[in-house]
Amino acid sequence: MLPLRQLWVILKKDILLELRTKEMIVSMLLFVMLTMVVFNYTFNAEKNDLTAFGGGLLWLAFIFTSFLGLNRSFVHEKDEGCFDGLLLSPVDRSIIYIAKMAGNLIFISIVEIIAVPFFTIFFIRFPFYVYWDRLWLFVMGLILGNIGIAGVGTFVATLAVNTKRRDLLLPIVGLPLLMPVLAPAVIISGAMMGGAATKNTAELVAASVKILAAYDIVFFAAMALIYDSVLGE
Amino acid sequence: MEIEVQNLDKYFGRRQVLKQINFSVKKGAFLSIFGPNGAGKTTLVKILSTLERPTDGKVTIAKAVLGQDPTEIRRRIGLISHSPLLYLDLSAYENLEFYGTLYGVAGLRERAEFLLEQVELTHRRHDLVRTFSKGMLQRLAIARALMHQPSILFLDEPYSGLDPHAVDILDGLIDSIRGDHTFVMVSHNLEKGLSLCSAAMIIEAGRIIFHEDKKDIDVDEFQQVYRRSVKGEL
């Protein structure tokens with residue numbers, strides 16, 4: 001039971017710190033909203049039908065918003081050497097990884113839950129091009145995509161925590177690692193918006209879900225297993 | 001032996017920061033380690049406290065071998081360093097509760113309250129640590145390090161930045177647990193380090209250049225060796 005208590009107490013601490021400082025969520029929300037406003041003006045969304053590009057625009061905004069948050073996710077640990085305090089304690093490194101990842105997953109998801117309705121208003125010719133029967137698929141794409149981003153992002157953010165150029169390391173290392181997440185996530189999200197993906201067969205979407213789920217499982221397991229080796233012992 | 005270090009080497013890239021370190025510390029002993037800045041003292045403490053991996057050599061702490069059973073070692077050790085290892089946006093009590101839960105401390109609330117009383121921070125228990133002075137932070141750091149009742153304490157310049165009151169509190173706490181506990185302290189304060197220790201060591205450029213039991217130490221000679229090491233004359 002102790003590992004579960006340890007996992008919960010690390011996650012609870014991260015949530016409590018975020019509730020008190022609001023550093024991650026507020027900066028992520030501002031960034032994602034600004035991105036959408038810029039996209040809206042750039043593509044003249046009122047006159048042009050952008051539903052074909054909806055999935056791509058959505059994930060472009062989300063991936064950079066997530067990086068912004070993930071870069072902040074170790075700020076509290078860096079202050080006053082707290083990460084050393086965490087590493088000194090008799091906690092399995094995989095527990096630390098899972099707890100930190102779960103925290104990041106929650107924060108990214110909260111931002112997306114707020115951002116998606118705005119995205120719908122800006123970019124989708126509501127309600128004619130929305131396939132409501134595929135809503136579950138859209139939500140599943142978001143969940144699986146977020147797990148991938150939080151899993152890879154937490155791992156790379158840990159690598160970056162003791163480097164001088166940590167703001168650069170996450171996009172440079174994280175983006176290539178996340179390509180297998182982004183491509184299927186764009187296809188799945190696009191399928192609900194009546195974009196290009198809907199012209200593809202249902203098999204393509206089904207395959208994308210499988211690829212995304214498999215990637216999440218394999219990467220999550222691998223990261224949890226090798227997390228110890230990236231931390232000094 | 002409570003701590004045993006054999007042929008320890010540590011490299012950062014191509015730079016060797018610890019060279020063939022060998023020493024042991026008996027249970028209940030107090031080892032003070034001195035040396036100039038950059039000598040490798042903090043790296044040594046980080047290795048002993050499982051925060052860094054040695055490049056080569058064997059370290060045994062409380063009969064557990066570093067690298068084979070780090071979790072068991074972590075249960076037995078506590079670290080007080082010049083960084084307090086405290087979350088600034090948690091309260092004093094929340095910090096102790098957090099670390100206590102990680103260590104699986106039984107009677108968490110009572111233990112936290114007891115330690116807050118010992119470091120005279122009971123009246124600030126619900127205040128965010130961000131509002132604490134340096135001395136108060138260091139006092140709370142002492143409570144954090146003792147939360148799980150470690151049998152071995154590593155002290156990395158623990159008196160750095162402390163006001164006289166906090167020095168008295170730390171002295172009192174060390175006095176109260178001496179005998180049952182083993183201490184390894186890194187310090188630049190010769191007087192304090194020598195007064196507390198049962199053995200003293202000087203590290204210079206990653207090598208041990210002096211290591212004696214306190215009873216065998218000629219204080220004048222020791223001070224001369226230390227001053228020459230700090231000036232880089234050795």
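The values are calculated or read from the model by the stated rules, or taken from the named source; none is laboratory data. Nothing here was measured: the structure is a model prediction, and the numbers come from that model. Note: ideal-geometry Cβ built from the backbone for every residue, glycine included; neighbour counts use all protein chains shown.
Filter the stretch A:4-21 down to the residues that are facing another protein chain (nearest Cβ under 8 Å) and among the aliphatic types (A, V, I, L, M) and list them by number. Of everything in the stretch A:4-21, those that are facing another protein chain (nearest Cβ under 8 Å) and among the aliphatic types (A, V, I, L, M) turn out to be A:Val9, A:Ile10, A:Leu16, A:Leu17. Residues in the stretch B:55-70 that are outside any loop (DSSP other than H, G, I, E, B) and more than 7 Å from chain A (Cβ to nearest Cβ) were compared, and the one that is nearest to B:Arg14 (Cα to Cα) is B:Asp56. Listed conditions (1) aliphatic (A, V, I, L, M); (2) touching a residue at least 60 places away in the same chain (Cβ under 8 Å); (3) within 14 Å of chain B (Cβ to nearest Cβ) are all met by A:Met28, apart from (3). Taking the criterion of being buried (at least 22 other Cβ atoms within 10 Å of the Cβ) and of a type in the set (Gly, Ala, Ser), the residues of the stretch B:76-97 that qualify are B:Gly78, B:Ser81, B:Ala92. Give me the residue from the stretch B:76-85 that is more than 8 Å from chain A (Cβ to nearest Cβ) and not in a strand (DSSP E or B) and, out of that set, modelled with the highest pLDDT. Out of the qualifying residues, it is B:Arg76.
Going by the conditions given, is B:Asp163 out of contact with any strand residue (DSSP E or B) (no Cβ under 7 Å at 6 or more places or on another chain), modelled with pLDDT of 85 or more and not hydrophobic (A, V, I, L, M, F, W, C)?
On the way: out of contact with any strand residue (DSSP E or B) (no Cβ under 7 Å at 6 or more places or on another chain): yes; modelled with pLDDT of 85 or more: no; not hydrophobic (A, V, I, L, M, F, W, C): yes.
For B:Asp163, the condition - out of contact with any strand residue (DSSP E or B) (no Cβ under 7 Å at 6 or more places or on another chain), modelled with pLDDT of 85 or more and not hydrophobic (A, V, I, L, M, F, W, C) - is not met.
Whenever a residue of the stretch A:76-87 is over 13 Å from A:Leu17 (Cβ atoms), its partners that are buried (at least 20 other Cβ atoms within 10 Å of the Cβ) and of a type in the set (Gly, Ala, Ser), lying with C-beta atoms within less than 8 angstrom and at least six residues away or across chains, give the pairs A:Gly81/B:Ser81; A:Asp84/B:Ser81. Of all the residues in the stretch B:98-129, those that are farther than 20 Å from B:Arg76 by Cα, surrounded by fewer than 16 Cβ atoms within 10 Å (Cβ to Cβ) and within 14 Å of another protein chain (Cβ to nearest Cβ) number 2. The residues in the stretch B:2-48 that are assigned to a loop (DSSP other than H, G, I, E, B), at positive phi and surrounded by fewer than 22 Cβ atoms within 10 Å (Cβ to Cβ) can be counted, and the count is 3. Just one of (1) closer than 25 Å to A:His76 by Cα; (2) within 13 Å of chain A (Cβ to nearest Cβ); (3) part of a helix (DSSP H, G or I) fails for B:Ile73. It is (1).
Could you pull out the residue among B:Leu51, B:Leu88 that is more than 20 Å from the chain's Cα centre (by Cα), within 29 Å of B:Asn189 (Cα to Cα), within 13 Å of chain A (Cβ to nearest Cβ) and assigned to a loop (DSSP other than H, G, I, E, B)?
Values: B:Leu51 fails: more than 20 Å from the chain's Cα centre (by Cα).
Only one candidate qualifies: B:Leu88.
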